[in-house]
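The values are calculated or read from the model by the stated rules, or taken from the named source; none is laboratory data. The shown structure was predicted, so the numbers you read here are calculated from the model rather than taken from an experiment. As a convention, Cβ positions derive from the backbone with ideal geometry for all residues, glycine included, and neighbour counts pool all protein chains shown.
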Amino acid sequence: MASWRNPLDGPDGTTVTAANGGGQAWSSVTGGTMVYTTSRAFRGPGCATATSETIGYLIRNLSGSASPRADMVAYVWLSTTPLASTQDVPVLRTYTSAGIAAALVLRGMSSNNPKIVLSTRGSGSNVDRWTSTPNIPRGTWVRVELNTEAGTSPTTGAARARMYAGDDTTPIADSGLVTGVDTAGSSGIVQDARAGMSSGVWVDHIGIRDGADATGSPWPSAVAPTVALPGLTVVAPGAPWSTVATVGTDGSIASTAWTVTRVSADGVTDVTSQTTGQGTLTLGSTAPTVGGVRLDVSVVVTDGDGLTGTATTTVHVPTGANLRPLAVDGQGDPWSILGGAATQGQALGDGSTQTGVRSPDVPAGASSTRRWPLQPATPRDALDITVGGLSTSAGDLTVTAQLWAPRGVLVATKSGQASGSTLSLSVPDAATTIGTDPTAWADMWVAVTAVA
Ligand SMILES: [Ca+2]
């Protein structure tokens, strides 16, 4: 079984071709000229119609010898003005190798009382098997469905035609399953499905399903769009920056909304949203001009069915070289280490989860900062660093611990006030925010600031 759909949401005014969008590609296009239009739509931004009463056809090849059944559905809108001369618009048809299998025809199109007709293959010409009693409503969306079962002889085929108002589940008209008719000669195969349209007949959302096990409505369920963004990016301060969302959809894209959260070096966030730009987000004059900023970027794509897909990425805007880490044996005293660690690297590296640091006396209104090299041995998915046992001799200080990645990128920050308190720096998504380059993981550091 294979499902296939096309919501006909191509660019407004563009001639419909086999491959120019509007949904999944057609196998071929023939007959009159068809165009996408946003003048109306059952779902999504638009639909398609023909530019004259010369009927255009969209053809979809089925699964060859594996297609003893084919089911089709489409939404149609008839102008309130009858066509000038055309009587029949075969909106849904299935074909076998020897010609037509079954057809759902809009008949009486030049009258005010059009009907739907089910016809199947005959010797020389199609044979009408059923005509609806109700008229086809004009000036509103109507759903039509055609089921075809290919028999293995001219008397073992079956077909069914139905008409509904919009997405209703109870039909306005139903032929029932017409059996014992010729749909495929003796081939047992339905090989393609065709949708037709004329001027005055707008068509939207065509669904096709084939295979031996096709049952129920042929309209396949809509699939949420897939969205992807490039991974972690590092850009220079002030440099314009842009990114492109890669979107996969079985229909159209109704909207694209971006959110950019700026996380500054002091942990302040500034959220901005951008709904224009569609698939591309560009930060030009609004790009960060100061380093030490992280941008958390997310995009939400909504398709014509109202389903959404989302993706996130991170952009680091590093600071200047003045924030390079100290050497492992750097001397920042009078800060000192408390506890059992023999070296600063060990104290703040893999082998220690509890490290005490001692600040110097800090006069009121002053501050003191010490940077501690950090040497994790390997990249990891998550990173937890605890700066504990803060000891001061000047009463309560406000102590801030920050975890910095290479290139001056602030990864995490935490503040506390009580002497002896513990500050935990947790980076659950370290592999994303820091990356997986081992040299990067060997070039990280923690800054501890005491403010009296
Ligand atoms: Ca549409």
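Numbers below:
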item	result
Cβ pairs under 7 Å, 6+ apart, first in the stretch 43-57 and closer than 15 Å to Pro11 by Cα and not assigned by TED's automatic domain parsing to the domain that holds Val29, second part of a strand (DSSP E or B) and away from the ligand (no atom under 16 Å from the Cβ)	none
Matching residues, the stretch 20-34, being modelled with pLDDT of 90 or more and either more than 16 Å from the ligand (Cβ to nearest atom) or not aromatic (Phe, Trp, Tyr) (or both)	Ser27, Ser28, Val29, Thr30, Gly31, Gly32, Thr33, Met34
Residue that is farthest from the ligand (Cβ to nearest atom), among those in the stretch 35-75 that are among the charged types (D, E, K, R) and more than 21 Å from Met163 (Cβ to Cβ)	Glu53
Filter pass, Ser273 being at pLDDT 75 or above, part of a strand (DSSP E or B) and not aromatic (Phe, Trp, Tyr)	no
Meets criteria (in contact with a Gly (Cβ under 7 Å, 6 or more places away or on another chain), free of Cβ contacts under 8 Å to residues at least 60 places away in the same chain and not hydroxyl-bearing (Ser, Thr, Tyr)) for Gly180	no
Some residue of the stretch 100-114 being surrounded by fewer than 17 Cβ atoms within 10 Å (Cβ to Cβ) and closer than 19 Å to Gln191 by Cβ	no
Some residue of the stretch 79-98 being within 20 Å of Leu146 (Cα to Cα), of a type outside the set (Asp, Glu), assigned by TED's automatic domain parsing to the domain that holds Asp174 and within 16 Å of the ligand (Cβ to nearest atom)	yes
Residues located in the stretch 84-105, provided they are touching an Asp or Glu at 6+ places or on another chain (Cβ under 7 Å) and at pLDDT 95 or above	Ala84, Ser85, Thr86, Val105
Residue, farthest from the ligand (Cβ to nearest atom), within the stretch 6-19, restricted to residues that are under 21 Å from the mean Cα position of the chain (by Cα) and surrounded by fewer than 21 Cβ atoms within 10 Å (Cβ to Cβ)	Ala19
Selection count, the stretch 1-29, where residues are of a type in the set (A, V, I, L, M, F, W, C) and touching a residue at least 60 places away in the same chain (Cβ under 8 Å)	4
Among residues of the stretch 146-191, those that are on the phi > 0 side of the Ramachandran plot and either assigned to a loop (DSSP other than H, G, I, E, B) or surrounded by 21 or more Cβ atoms within 10 Å (Cβ to Cβ) (or both), counted	4
Flag if Arg143 is assigned to a loop (DSSP other than H, G, I, E, B), within 24 Å of Tyr57 (Cβ to Cβ) and of a type in the set (Lys, Arg)	no
Residue list for the stretch 191-214, filter: more than 16 Å from the ligand (Cβ to nearest atom) and either in contact with a Phe, Trp or Tyr (Cβ under 7 Å, 6 or more places away or on another chain) or farther than 21 Å from Ser125 by Cβ (or both)	Gln191, Asp192, Arg194, Gly196, Ser199, Gly200, Arg209, Asp210, Gly211, Ala212, Asp213, Ala214
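Yes or no, residue by residue, for (1) modelled with pLDDT of 65 or more; (2) surrounded by 15 or more Cβ atoms within 10 Å (Cβ to Cβ):
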{"site": "Pro406", "(1), (2)": "yes, yes"}
{"site": "Gly416", "(1), (2)": "yes, yes"}
{"site": "Ser419", "(1), (2)": "no, yes"}
{"site": "Thr422", "(1), (2)": "yes, yes"}
{"site": "Val427", "(1), (2)": "yes, yes"}
{"site": "Asp437", "(1), (2)": "yes, no"}
{"site": "Asp443", "(1), (2)": "no, yes"}
